[in-house]
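Engineer: Below is a structure I'd like to ask you about.
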Amino acid sequence: MKSLNEYLRSGEGVYGSVAGLFIEGEPTGCFYKKAQLTASTHRLILLNLGGFGTERFSVYDYYDITEVQVDRNLLRFRSGASLRLLWLREGEDRHLMNTIRLKAREARMFFPE
């Protein structure tokens, strides 16, 4: 498995991350993923640990987050997609979700519609 540092941009820091089972909802359907969600200083990175040692990553901008439900570990995005942590394997989920909520609010303040 690659190090998370290989996915970070120059000067990009990490607030925290959680690992576990996620459900990624899209208008075309839902997908279950064993993954690690990382909140960086600039974006969210979902590193999907697939079968046979494969890795895929998805990037979500804080600006695109429309809703954060901390108690349900649920994120909703402008595209209609959603991301929910179903089972936590490692990390502090409540702290990470609160951080994501603050970063999303901050992004909308600086880049209003």
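The values are calculated or read from the model by the stated rules, or taken from the named source; none is laboratory data. As the structure is a computational prediction, the values presented were derived from the model and not from experiment. Cβ: placed from backbone, ideal geometry, glycine included. Neighbour counts: every protein chain shown.
Engineer: Pull up segment 81-100, narrow it to residues that are exposed (fewer than 13 other Cβ atoms within 10 Å of the Cβ) and touching a Leu at 6+ places or on another chain (Cβ under 7 Å), then point me to the one that is modelled with the highest pLDDT.
Structural biologist: Only one residue tops the list, namely Leu86.
Engineer: Here is a follow-up. What pairs come up if the first residue lies in segment 51-75 and is free of Cβ contacts under 8 Å to residues at least 12 places away in the same chain, the second is of a type in the set (S, T, N, Q) and in a helix (DSSP H, G or I), and their beta carbons are under 6 Å apart, counting only those six or more places apart or on different chains?
Structural biologist: Qualifying pairs under 6 Å: none.
Engineer: Can you tell me which residues in segment 34-46 are assigned to a strand (DSSP E or B) and within 12 Å of the chain's Cα centre (by Cα)? Please lay out each step first, then the result.
Structural biologist: Step one: filter segment 34-46 for residues assigned to a strand (DSSP E or B), giving 34-40, 43-46.
Ala35, Gln36, Leu37, Thr38, Ala39, Ser40, Arg43, Leu44, Ile45, Leu46, listed by residue number.
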